[in-house]
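Everything below concerns the one structure shown next.
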Amino acid sequence: MSLYVGGATPDFTRFFQGRDARRIVAPTYPFEGKRYRKGGEPPSAPAADTSEVVRSLEGGDPQALTRLVEAGAGWSRTESDLFAQFAARIIERHQKSRASTHASLLHEVEWRARARAAAAAPPAPAGTWLLLADGGGVAESVARELERRGETAIVARPGPALSIAGRAWTFDPASAEHCGALVAALGRNDGSARARGIVDLLGLDFRTTAATTVATLAEDHERGLLSLLSLAQALPENDPAAPPLWIVTRGAASADAARHGMNVAAAALWGFGRAYALERPDKWGGLLDLDPAGDRAEAGPLVDELLSSDGEDQVAWRGHQRFVPRLVVATGVALAPVAVAPDRTYLVAGGFGQAGGRFVRRLVERGARHFVLVGRSGAATPAAQELLRSLKDAGVEVRAVAADVSDPEQMRRVEEALAQGPPLGGVVQAAGIARFERIAATRPEDFRAVLAAKVRGTWLLHELTKSRPVDLFVGFSSIASVWGSAGQVHSSAANRFQDAIAFARRHLGLAATTVSFSPWKGGSAPSEEFNRFMASLGVTPIDPAEGLPELEAALASGRAHVVLAKVEWSLFRSVMEARRRRPLFEELAVAAPSQHPEARPAVGDLRGELAAAPPAERAERLAAHLQDQLGELMGFGAERPDPQRGFIELGVDSLMAVTLRDRLQTSLGVELPVTFIFDHPTIEVLAEHLLANVLVLAKEARPAAPEVPAAPSSRDTLMNEARELSQDQLEQAIAQQLKDLGLH
Ligand SMILES: NC(=O)c1ccc[n+]([C@@H]2O[C@H](COP(=O)([O-])OP(=O)(O)OC[C@H]3O[C@@H](n4cnc5c(N)ncnc54)[C@H](OP(=O)(O)O)[C@@H]3O)[C@@H](O)[C@H]2O)c1
C-alpha cells in the first residue's frame, strides 16, 4: 500500500492471496466520487451515515480506520502500517473532493503572461517567407523586419488577378486555383532560398465584432477562412520541404476577453489552426494574435516568434505582455441547478437532437414549461416525436419549428413562434452538423455546411436576443474548438466561433456561456470506430447522469467558456504530444504516463535476443522487429513498411507512434520519450539510434540463455504486481476488501 501511496497501482488481489484476509462491505458514502464507485451507477444522494468508518474518514483519522480494518483482518504489523498509509491517502482525496469542487469534468483555458523562453531549436537557415497580406500594412512591416534579419519576404496582396513576379504578388484569396498557384510558385521561387513559412494575415482585415453582420461573416470567411483551406490543400502533406503555416489575427484569442471582447469572425481561424496543428503537426507554425488596441511595434515580436519559436504555438499580445494559453481544471465550481422560470419561453435550436433534447428534459426538470424547439426538419424524426410526447405528458407547452437557424428568412418563423408564448427566457444553441474528413478531402461546400448552423445560426440567435435580453444563452460547442480535432478543420473553426460569441456577449454585458464538450454517450458520434478511436486516446464518453450536473455547474459558474471533457490526460497527452509539444496541456496534473491500452508486451525478450545476436546483425534484426510492429499497427497485412521511408510519409499517426513506443518500452525494458518515433525519420535510422544511444549491449554476442534477474525484494515484487492494476481496479479491490471485512 505504500507503493500505492507513492503513486503505484498495486495488485491487491494477489497481495491478499493466501493471507487469510476477509472481504468486507465498503461504505458508499466516502466513495461517492466516481472513482470509488463500483459499476456504472450514478452516485445517489449521500445518506446520513454515521458509522465509525465514515467518522474516521470525515475526521481525517487514518489510524482509527486502520484499527477498524485490522480488527477484522488479522493483519501483521507491516500490513497494518501499509494500510494506514493507504487510508491516509483515501482520506486526503475524500476531503479534497468534498472541500474544493464538485464538478470534476470542467476545465477552462487560462492565459498566462509568459516572456519568450530560449528557442526550442537551433535557428534554421534563412529562407523565403510568403506573407498573405492584410490591408492595414502589418504584412509590409513584417516583411521589412524579416528582410532586416536576412530573410527573404514575398508579400502577396489580395486582388482580382493572379500575378507572381518578384516579391510583390497578387492573388484572389477566394480562388482555390490562385492559392494553389502561390504555394507552387513559392516551392520553385528562384531556387536560392528554401521556403521557410507561409504567414496568413488575411484575418486582420475581418470586420470587428461591432461591425459584423451575417453578410460580413460570409464575406470574411469566404475570403480568409476558405482560403486557408485552399492553401492547406495546396501544401503537400508529406513533403518535408513544405513550409509551415502561421496564422496572424487581432483580438481573436480569448486572452483578456473580458476587457477587449473578441473578434468573433477571426476566432474561427483559431479553430482552423488548432485542427490543422493536429492533422499536420510537422507543418504547423502557430497562431499569433495581435493586441486589439494595436501597437506600431508589433512586427518585431511577431518576427521573433516566426524565426525562433520557444515551443509556444499559440501566442497573444495584450499591451506589452505576451500571453500563452493553458488548459486547467476549473476550480471553485459548485454543482447548482440551472435557473429557469416557468413563465418564460426557452428557445432551443437543435432541440430535437441528442444533446439539445437531453438538455430540454433537464430544463423541464428544473421547472421550464414553455419551449420553441427548432430543427431544419422540425419534429419529423421518431426521436423528436417521442420527445414531444413526453413533454406533452409532463404538461409542457412546445412549439416545434422547422427552420434553418442559418437562414434569416426562416428565422422569421422562429420569431413568430416566440411571439405566441410567454417572453423569451433563454436560448440554447445546440444546432450543428458533425463531419469528419481530412483536410485534403474537405470540399468548400462541406466546410460551408458545417459553418452554417454554428456561425450564421449562432450569430442570428445572438442578434435575436440583442433586443430581448435573456438570462440564459447557452452554446453547445466541442473540444475541437479548444485543441482541434484531426479531420475537423471546419468543425474546429465553427465551434471556436461559437465559443467566441460567448466572450463577445459577456463583454457587452449579455448573458452567455458556451460549453465545449467531449463526446457524450449516445451522442452524434459518426461510428463505433470513432468511439473506439476516442477511447484509444483516453477520451471516455460522458454519461448524461454525470455530465448534466456538470453542464449546469458550468452555466452557474459565470464563465463565458468552459470545457466539459472526460479525458484520461496522461494517455491523451502522450498521443497529442507524440509529434510536437503541446504547451496548452502543460499544466494539467497527470499521473505517470499510462500505457496505451493497445500496447501489449511483445512476445519474447527483444533485448535479450539482440544481446545474443552478433553485433553486425543487430540493426537489421531490430529494424525487422520495428517493421513487424509498425506493419501490424498500420494494417499492412503480409507486407511490411519500407524501413527507408519516412514515418510521416508512411502515414504513421500520433496514436500509432505512442502505441509503438509503449510496445518497445516493454520489449526493450527502456524508457523512451513520447516524441521518440518522430525524432527519427525512418525505421532504419530509429533502429540505429536505439542500438547506439539507448540500448547498452555488450560488444560481443552473449549466449541466448535468459538472464537470471537478481532475486527481487518483496517490495520489488509488490511494485511489479502493483503496476499491473489500473487505478480503478486497484480502488475496486480495496473497496472489495473493506466490504468483505464487513465494515459499514
Ligand atoms: N453529443 C455529443 O456527444 C457532443 C459532443 C461534443 C459536442 N457536441 C456539440 O453539441 C451539438 C449538438 O450535438 P448532438 O449530438 O445533439 O447532435 P445531433 O444529435 O446531430 O443534433 C443536432 C441538431 O441540430 C439540428 N440542426 C443542424 N443544423 C441545423 C440548422 N442549420 N438549423 C436548425 N437546426 C439544425 C439537427 O436537426 P435537423 O437536421 O433537422 O436540422 C439536429 O436535431 C454539436 O453541434 C456539437 O457542437 C455534442
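The values are calculated or read from the model by the stated rules, or taken from the named source; none is laboratory data. Only a predicted model underlies this, so the values are computations on that prediction, with no experimental measurement involved. Cβ atoms come from the backbone with ideal geometry, glycine included; neighbour counts cover every protein chain shown.
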Matching helices (runs of 4 or more DSSP H) fully within the stretch 459-549 where at least 2 residues are within 12 Å of the ligand (Cβ to nearest atom) and closer than 18 Å to S254 by Cα: 480-483, 489-507
Restricting to the stretch 550-559, and then to whatever is away from the ligand (no atom under 15 Å from the Cβ) and of a type outside the set (K, R), can you tell me which residue is surrounded by the most Cβ atoms within 10 Å (Cβ to Cβ)? A553
Pairs, first farther than 22 Å from V142 by Cβ and in contact (Cβ under 8 Å) with a residue 40 or more places away in the chain in the stretch 204-217, second of a type in the set (A, V, I, L, M, F, W, C) and assigned to a loop (DSSP other than H, G, I, E, B), C-beta under 8 Å, six or more apart: T209/M262
Would you point out which residue out of E437, E409 is modelled with pLDDT under 95, more than 9 Å from the ligand (Cβ to nearest atom), surrounded by fewer than 20 Cβ atoms within 10 Å (Cβ to Cβ) and not aromatic (F, W, Y)? E437
Top-ranked residue of the stretch 521-551 - restricted to ones that are among the small types (G, A, S) and over 27 Å from L363 (Cα atoms), ranked as modelled with the lowest pLDDT: S527
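Every residue, every condition in (1) at pLDDT 80 or above; (2) surrounded by 15 or more Cβ atoms within 10 Å (Cβ to Cβ); (3) under 30 Å from G180 (Cα atoms); (4) in the same structural domain as W270 (by TED's automatic domain parsing), yes or no:
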residue: D61; (1), (2), (3), (4): no, yes, no, no
residue: T66; (1), (2), (3), (4): no, yes, no, no
residue: G72; (1), (2), (3), (4): no, yes, no, no
residue: S80; (1), (2), (3), (4): no, yes, no, no
residue: A88; (1), (2), (3), (4): no, yes, no, no
residue: K96; (1), (2), (3), (4): no, no, no, no
residue: W129; (1), (2), (3), (4): yes, yes, yes, yes
residue: L132; (1), (2), (3), (4): yes, yes, yes, yes
Note on the stretch 442-458: residues surrounded by 18 or more Cβ atoms within 10 Å (Cβ to Cβ), among the charged types (D, E, K, R) and more than 10 Å from the ligand (Cβ to nearest atom) are R448
With the checklist (1) at pLDDT 95 or above; (2) in a helix (DSSP H, G or I); (3) farther than 18 Å from S477 by Cβ in hand, flag the one item W270 doesn't pass. (3)
Residues that are of a type outside the set (A, V, I, L, M, F, W, C) and away from the ligand (no atom under 15 Å from the Cβ): does the stretch 371-385 have at least one? no
Can you work out which of the residues in the stretch 395-406 that are among the small types (G, A, S) and under 17 Å from F352 (Cα atoms) is farthest from the ligand (Cβ to nearest atom)? A400
Looking only at the stretch 357-378, how many residues end up being surrounded by fewer than 21 Cβ atoms within 10 Å (Cβ to Cβ) and within 20 Å of F476 (Cβ to Cβ)? 9
Looking at L571 and the list (1) crowded, with 20+ Cβ neighbours inside 10 Å; (2) under 19 Å from F436 (Cα atoms), which single condition is not satisfied? (2)
Looking for something surrounded by fewer than 18 Cβ atoms within 10 Å (Cβ to Cβ), touching a Gly at 6+ places or on another chain (Cβ under 9 Å) and over 17 Å from E577 (Cβ atoms) - is there at least one such residue anywhere in the stretch 627-634? yes
In the stretch 387-433, how many are free of Cβ contacts under 8 Å to residues at least 60 places away in the same chain and part of a helix (DSSP H, G or I)? 16
Every residue from the stretch 486-538 that is of a type in the set (S, T, Y) and buried (at least 21 other Cβ atoms within 10 Å of the Cβ): S491, S492, T513, T514, S516, S518
Residue tally, condition of a type in the set (K, R), assigned to a loop (DSSP other than H, G, I, E, B) and modelled with pLDDT of 55 or more, over the stretch 581-617: 2
